[in-house]
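Colleague: One structure, pasted below without further comment.
The values are calculated or read from the model by the stated rules, or taken from the named source; none is laboratory data. All values derive from a computational prediction rather than experimental measurement. For the accessible areas, the whole protein counts, side chains as well, though only heavy atoms, and no ligand, DNA or RNA atoms are used. Shrake-Rupley method; radii C 1.70, N 1.55, O 1.52, S 1.80 Å.
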Amino acid sequence: MEAAQSPFPSAQEKRAAREAKRAAVLRAAVQMFNERGFHQTSLDDVAARLGISKPTIYHYLGNKDQVLLECVSIGLGQLIEAAEQSRAREGSGADRLIAFLVRYAEVNMDDFGRCVIRTGDEALAPESRKRFRALKRQIDSDMRGLIAAAVEDGSIPPCDVRLMAFTLAGALNWPARWHDHGGALSSEAVARQMVDILARGFLPR
């Protein structure tokens, strides 16, 4: 005789359901922060968009500062992962740098990356601000490392690594403010075209 199937969710199913709900709250919050600005968005607004109560948000994520920190941490985590993947790629240092720059631009046009660019340090509480700044320093270090490696293997000419990193980041941060996902060009197309333009300035001629 077959055992009756339990109508109650397993521990694994409960965890999956919890993560799905948490992800939904984060996505709604980050989209509203990007649309309205952090200070103009309340957790009541986020709860209303999802049809849940504000205590539900506290249950899954904590207070508003913790929600924002989680949003920017996801975006910065995606950039750190992009750097790790680029360093592991085959090819020259220039190939790895270009792969990172394309992904860097793509992330910054997605919801969480866009939130990183649009969030000033002052929006976060002091402890959260330290975490935010530390992650941003990691991204800057990763970009400089990829540039330096490309210079070292001769695939790009010698340059001021710090200045080049600032220049590339400055250019590729801006689509987070002007790119329209409903426009003619996808984020992938914008990223590729922008990096192609920038690469003409640092690749050997």
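Colleague: Over the chain, what is the relative contact order in whole percent, taking alpha-carbon pairs under 8 Å and six or more residues apart?
Modeller: Details: 191 pairs, mean separation 44.8, N = 205.
So the answer I get is 22 percent.
Colleague: Using a 1.4 angstrom probe on the protein heavy atoms only, line up 139, 80 by accessible area, largest first. Write down the numbers at each step before the final one.
Modeller: Numbers: 139 15, 80 35 Å².
Final ranking, largest accessible area leading: 80, 139.
Colleague: Considering only protein heavy atoms, with the full assembly of protein chains and a 1.4 angstrom probe, order 57, 197 by accessible area, largest first. Can you show the working numbers first?
Modeller: Details: 57 0, 197 105 Å².
Descending order: 197, 57.
Colleague: With a 1.4 Å probe and all protein chains in place, put 27, 36 in order of accessible area, largest first. Provide the component values of the computation, followed by the final result.
Modeller: On the way: 27 85, 36 115 Å².
Putting 27, 36 in descending order of accessible area: 36, 27.
Colleague: Here's a follow-up. Based solely on C-alpha atoms, express the radius of gyration and the Dmax of the chain in angstrom.
Modeller: 20.4, 76
Colleague: Given the -39500 (n - 2.57) contribution per DSSP H run of 4+ residues, what per-residue ellipticity at 222 nm results for the chain, rounded to the nearest 500 deg cm²/dmol? Please report the intermediate quantities before stating the final value.
Modeller: On the way: 10 runs with 150 residues, N = 205.
Computed mean residue ellipticity for the chain: -24000 deg cm²/dmol.
Colleague: Given the chain, what count of lysine pairs have C-alpha atoms under 22 Å apart, with each pair 8 or more places apart or on different chains? Before the final figure, lay out each step's value.
Modeller: Numbers: 14/54; 21/54; 21/64; 54/64; 64/130; 64/136.
So the count works out to 6.
Colleague: Okay, next question. Over segment 10-62, one equal point on each Cα, no solvent: what is log10 I(q)/I(0) by the Debye formula at q = 0.14, 0.15, 0.22, 0.32 Å⁻¹?
Modeller: Each listed q maps to, in turn, -0.36, -0.41, -0.77, -1.26.
Colleague: Residue-wise, which Karplus ³J(HN,Hα) couplings in Hz belong to segment 163-170, taking 6.51 cos²θ - 1.76 cosθ + 1.60, θ = phi - 60°, and x for glycine or proline?
Modeller: Calculated HN-Hα couplings, in order: 5, 5, 4, 4, 5, 5, 4, x Hz.
Colleague: Rounded to the nearest 10 Å², what accessible area does residue 26 have for a 1.4 Å probe in the complete protein model?
Modeller: 10 Å²
Colleague: Rounded, prolate or oblate, given the Cα gyration tensor of segment 121-196, with a/c below 1.5 counting as rounded?
Modeller: Numbers: a/c = 2.85, a/b = 1.06, b/c = 2.68.
In terms of gyration-tensor shape, oblate.
Colleague: As a test question: what accessible area, to the nearest 10 Å², does residue 130 have when a 1.4 Å probe is rolled over all protein chains in place?
Modeller: Its heavy atoms expose roughly 120 Å² to the probe.
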